[in-house]
Structure formats: C-alpha cells, structure tokens
Amino acid sequence: MNLLLVEDDLVLGKAISRGLTEAGHECQWERNGRRGLEQANSQQFDAVILDLMLPDLSGQEVLATLRSQGVRVPVLVLTAMSSVEDRVQGLKAGADDYLVKPFAFAELVARLEAICRRTTDRPSSLLQVGPLTLNLTNRRVTRGDVELTLTPTEFSLLEFLMRYDGQVVTRKMLCEHLWDSDWEGVTNVIEVHINRLRGKIDRGQSDPMIHTVRGRGYVLRAV
C-alpha cells in the first residue's frame, strides 16, 4: 500500500512510519494538517492515516476539506478521544474507520487493509478516453501531459461524457445529471458549459474530442 500518515507526535509517527515501511508498504509522513492536506490533494495514495489533534489545521478540518473537494481516498482516523459521540462524528465527517490510541500495530495494518479492500470493490476512480484522463479521487484532469483546471460543473459534465464514451449524450440527460431538473429552457446554459469545457480540453489541439451532434446532443470521442 502507498500510505500518507498525518501525525504530529514524533514518537508515534516514527513508530508507525517505520513499522509500515518494514512491512513492505510505502509511507509518507507529514507532521501538520496543512502539509497533509496538500499531499492528499496532489498525490495518489491508497489510504490516509489521519490524527485528529494536529497543529496548524485540525484533522477534522483536513477531512472535511478533502471530502468537500471530492477526494475519495480512504481515511483511517487516529485519536485519543474514545467516546461514542466522537467516533460517530468522525465517521459522519467522512472517515472510513476510526482507531483509538493506544492501539496495536497489527490492528492498524488490519484496518488499513480492510478499508483498502472496500475501495477496490467500488467503481474505478480513474476514467480514461484516449489522451484524456479524469481522476475521481483527487479531481485532476489531464489531456496528455497537460493538466486542465475545471470548475465543479465542468468536472461533472466531463465525467458524464466520459462514462458515455463514444455515445451521444442528449441535452436532457446532461440537465438531469447536473441539476436534476427539466431541460427545457436551459439549452443555452448547457451550451455555454459545453463550449467552455471544449475550449479547455481542445485548446491548442489539432484533434477535437467533444463533438456536437446536431439535433441530438454531444459526444466525446477518443482521437
């Protein structure tokens, strides 16, 4: 497993990092919440081990920010707070599991393996059509070597088009997916979002990927 550990306690952090490395896993250790958040957003990890009591940015804030940004990486929370209410709040905030200090290292590894197994049973977090790649975990989109910056609406729109790779997607389908409402009267709004998305994806490219099918809708095709 490729793991991110966010733990400010030097003794515990060193013990966990060393133990995971000796067990054959990769472990990147960050000692404050802000750095942990940056790494979770910029790299691909199989799971994050997150302490709640962190300097700079609390574990709760890190977790809430990750989930609000759509980052779906499994998170195992470590905490000294053992009440049922604390555990429930952590799980509701988006944690996949909860481990109270002190704990046995074997239990930590077992819980990490369990949440990673659950993740592999989910639909793939990576969509690819030709040179275009969309990562649902860290919400990164690239065309070839170029990373694209999309708005949340553009990201959702592209995800939908990629799931229907090579098939015509009607304006009605797009409207119901994006806004869960009737499509009549918002055709121009959809066209605006499509044109903006097309401008970002196809800018500087000789082979466009988003095509308009007159009278029907749009289709994304690999080049």
- Only Lys, Arg, Asp and Glu count, each charged at its Cβ (+1, +1, -1, -1), so figure out the dipole size of the chain about its Cα centre, rounded to 20 debye. 680
- What's the exposure ranking of TYR98, TYR218, TYR164, going from fewest to most Cβ atoms within 10 Å? TYR164, TYR98, TYR218
- Quick note on GLU26, GLU154, GLU159, ordering by fewest other C-beta atoms within 10 Å, gives GLU26, GLU159, GLU154
- Surrounding net charge for ALA15, when Lys and Arg each add one and Asp and Glu each subtract one, Cβ distance under 12 Å: 0
- For ASN2, what is the net charge nearby, where nearby means another residue's Cβ is under 9 Å from its Cβ and Lys, Arg count +1, Asp, Glu -1? -2
- CD proxy at 222 nm, helix term only [per DSSP H run n ≥ 4: -39500 (n - 2.57); per residue of the chain; nearest 500]: -13000 deg cm²/dmol
- At 37 °C and 0.692 mPa s, what whole-number value in µm²/s does Stokes-Einstein give for the translational diffusion of the chain, with Rh from the Kirkwood sum over Cα pairs? 169
- Long-range amide H partners of LEU54, meaning residues 5 or more apart or on another chain whose placed amide H is closer than 5 Å, are GLY59
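No value in this document is a laboratory result; all are computed from the given coordinates. The model shown is predicted, which means the values in this text are computed figures rather than measured ones. Ideal geometry is used to build each Cβ from the backbone, glycine not excepted, and the neighbour counts take in all protein chains shown.
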